[in-house]
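A short write-up of the structure that comes next.
The values are calculated or read from the model by the stated rules, or taken from the named source; none is laboratory data. In this text, all values refer to a predicted model and were calculated from it rather than measured experimentally. FYI the Cβ positions are ideal-geometry reconstructions off the backbone, even for glycines, and counts take in every protein chain you see. Heavy atoms of the whole protein, side chains included, go into the accessibility calculation; ligands, DNA and RNA do not. Shrake-Rupley method; radii C 1.70, N 1.55, O 1.52, S 1.80 Å.
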Amino acid sequence: MVVGAQAREIDTVVIGSGPGGYVAAIRAADLGKKVVIIERDNIGGVCLNIGCIPLKALINVGHRYREATEETPFGLITSGATLDWQQTQNWKQNKVVHTLTSGVEMLLKKHHVEIVKGEAVFNDNETVNVLQEDGHELLQFNNAIIATGSRPIEIPTIPFGGRIVDSTGALAFTEIPKKLIIIGGGVIGSEIGGAYANLGAQVTIIEGLDHTLNGFDSEMTKPVLDDFKAHGGVIVTSAIAKKATQTDTEVTLVYEADGKEQSITGDYLLVAVGRRANTDGLGLNNTDIKVDSKGLIIKDDTMRTSVPHIYAIGDIVAGPQLAHKASFEGKIAAAAIAEDAQARDLHYSLPSVAYTQYELATTGETPDSVKVNHLDAKISKFPFVGNGRAISMDQAVGFVRLISDKSSNALIGAQVVGPAASDLISELSLAIENGLTTKDISLTIHPHPTLGEAIMDAAELADGLPIHI
Ligand SMILES: Cc1cc2nc3c(=O)[nH]c(=O)nc-3n(C[C@H](O)[C@H](O)[C@H](O)COP(=O)(O)OP(=O)(O)OC[C@H]3O[C@@H](n4cnc5c(N)ncnc54)[C@H](O)[C@@H]3O)c2cc1C
């Protein structure tokens, strides 16, 4: 403890106001705790300020621009489009991001969560010091939830700065790049690449693995990659980025592929090679909290760390770095603090989405996990070319794939590629979590014409009684 400092006593302290922290704080307050949330930057964390939301805004602008500039098969003739990029950025920042972050701030206040601005550093297992511009405040807590999120990983030989940017920089470009180079073809790299490709940039993705969009199988990614390449995108796989040099107007990346050193020049270079947990600098060495070799905080299925009254959630614990995972874990931690005996992470399916040109979504088991785990499963796939709504939208690309247990017919996994995959996947997660069978799904009336009918059709296929295929 800081000598001479008087600690203020708080029941529950939440560190970080991203989708993990703010949700945990509101839930803990509603469960009767006096809660303080500490945030060193903007309320809303990565997701609302510099992640999910602003990126989805730019992806949307990309779709609209492409629609306005491409030929349609249904005779809509437009004379091209011009984009006021400054207005796009203003809209994204002032309307989209600001609306949501100020909304979260309002919600925190409405639920009686006190916001303390500053950088939290643990002094010991009971106190946290909040460093502020003009001093510091010491808080003594009964419970704490750590939700400090993650930050982009920097390649030591390719430091961020100037024309070499991380995802935050790529979302804030003051102009649309003409030639954008991206190191890393994961979800973030591919989503940003797809958005700028739709806005007219020539995009090259340099990926270390032998495939991009890791986490989604090649049957799923094919339509996305075909489309990306058809629109001038280039993907170099099994390539290792070595170094980069830049001038005032361009940046050159040297990489190794096919055993040869090669180089590429563009006007911007985005490095999107993963994110590191924000657990350093938190003063964890002053506590008994244990971290693993990757710096992730070790916790149990109630989100409790090795210090029983301190919990950890979101990007700083194991599992995919996803906003909805962080929020889900936040609700578990809050319930555990409120001594709810049911507070346990018992999820079977964790949906994951890529907002590429054709959306990719997966939940529960996949054809690969079925093989690896030797599950006795049945796979049924219904293509959107057999779906009236998709055809009438001129978006009959992709499919719904269901994976069900062979003996019980219970749904254990599902994937969707195509229009509104990000929305359709929720019905499938709901079915999995509730043990529904393919028969339950096929006997559920789905309105016509909807994209959701493809789910019913895939279930009928699994039941051996397909109508539309
Ligand atoms: C470009 C991009 C796009 C993404 N798109 C999606 C998507 O579409 N869907 C999805 O599910 N996920 C997406 N993600 C991932 C998602 O943003 C994260 O998984 C999510 O934000 C993690 O939430 P969190 O609460 O763990 O932490 P964060 O959102 O990272 O919030 C942590 C907060 O803690 C604060 N903090 C850190 N240390 C301290 C400290 N010592 N004291 C006080 N405050 C501190 C930080 O300032 C930050 O505000 C995206 C990420 C990026 C970068």
Considering only segment 281-295, state which residues are loosely packed, with under 13 Cβ neighbours inside 10 Å, within 16 Å of the ligand (Cβ to nearest atom) and in contact (Cβ under 8 Å) with a residue 12 or more places away in the chain.
Gly281, Lys294
Test: Thr249 is more than 13 Å from the ligand (Cβ to nearest atom), open to solvent by 30 Å² or more (accessible area, probe 1.4 Å), closer than 28 Å to Tyr355 by Cα and not charged (D, E, K, R):
no
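Given the criteria modelled with pLDDT of 95 or more, within 26 Å of Ile53 (Cα to Cα) and either crowded, with 21+ Cβ neighbours inside 10 Å or of a type in the set (S, T, N, Q) (or both), does Thr356 qualify?
yes
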Which condition number in (1) out of contact with any strand residue (DSSP E or B) (no Cβ under 9 Å at 6 or more places or on another chain); (2) open to solvent by 20 Å² or more (accessible area, probe 1.4 Å) is the one that Pro419 fails?
(2)
Among (1) outside any strand (DSSP E or B); (2) of a type in the set (Gly, Ala, Ser); (3) under 30 Å from Val385 (Cβ atoms), the one test that Ala361 misses:
(1)
What number of residues in segment 374-424 are assigned to a strand (DSSP E or B), farther than 26 Å from Val187 by Cβ and of a type in the set (D, E, K, R)?
2
Of everything in segment 393-416, what is crowded, with 24+ Cβ neighbours inside 10 Å and among the hydroxyl-bearing types (Ser, Thr, Tyr)? Give them in sequence order.
Ser404
Can you pull out the residues in segment 405-435 that are more than 18 Å from the chain's Cα centre (by Cα) and among the aliphatic types (A, V, I, L, M)?
Ala410, Leu411, Ile412, Ala414, Leu428, Leu430, Ala431, Ile432
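Any idea how many residues of segment 296-317 are of a type outside the set (D, E, K, R) and open to solvent by 20 Å² or more (accessible area, probe 1.4 Å)?
To start, the set of residues in segment 296-317 that are of a type outside the set (D, E, K, R) comprises 296-298, 302-303, 305-314, 316-317.
Now restrict to residues that are open to solvent by 20 Å² or more (accessible area, probe 1.4 Å): 296, 298, 306, 308-309.
So the answer is 5.
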Residues (among the charged types (D, E, K, R), more than 20 Å from Thr356 (Cβ to Cβ) and modelled with pLDDT under 95) located in segment 44-98
Glu71
When you check Phe173 against the structure, is it more than 14 Å from the ligand (Cβ to nearest atom) and aromatic (Phe, Trp, Tyr), yes or no?
no
Is it the case that Ala341 is more than 15 Å from the ligand (Cβ to nearest atom), surrounded by fewer than 21 Cβ atoms within 10 Å (Cβ to Cβ), within 18 Å of Val23 (Cα to Cα) and among the hydrophobic types (A, V, I, L, M, F, W, C)?
no
Across segment 119-138, which residue is nearest to the ligand (Cβ to nearest atom) among those that are touching a helix residue (DSSP H, G or I) at 6+ places or on another chain (Cβ under 7 Å) and not in a strand (DSSP E or B)?
Asn123
Ala277 vs. criteria in contact (Cβ under 8 Å) with a residue 12 or more places away in the chain, among the small types (Gly, Ala, Ser), surrounded by 15 or more Cβ atoms within 10 Å (Cβ to Cβ) and touching a helix residue (DSSP H, G or I) at 6+ places or on another chain (Cβ under 6 Å):
yes
Residues Val97, Val165, Val130, Val104: which one is touching a Pro at 6+ places or on another chain (Cβ under 7 Å), in contact (Cβ under 8 Å) with a residue 24 or more places away in the chain and of a type in the set (A, V, I, L, M)?
Val97
The lone condition Asn142 fails out of (1) without any contact (Cβ under 8 Å) to a residue 60 or more places away in the chain; (2) more than 16 Å from the ligand (Cβ to nearest atom) is (1)
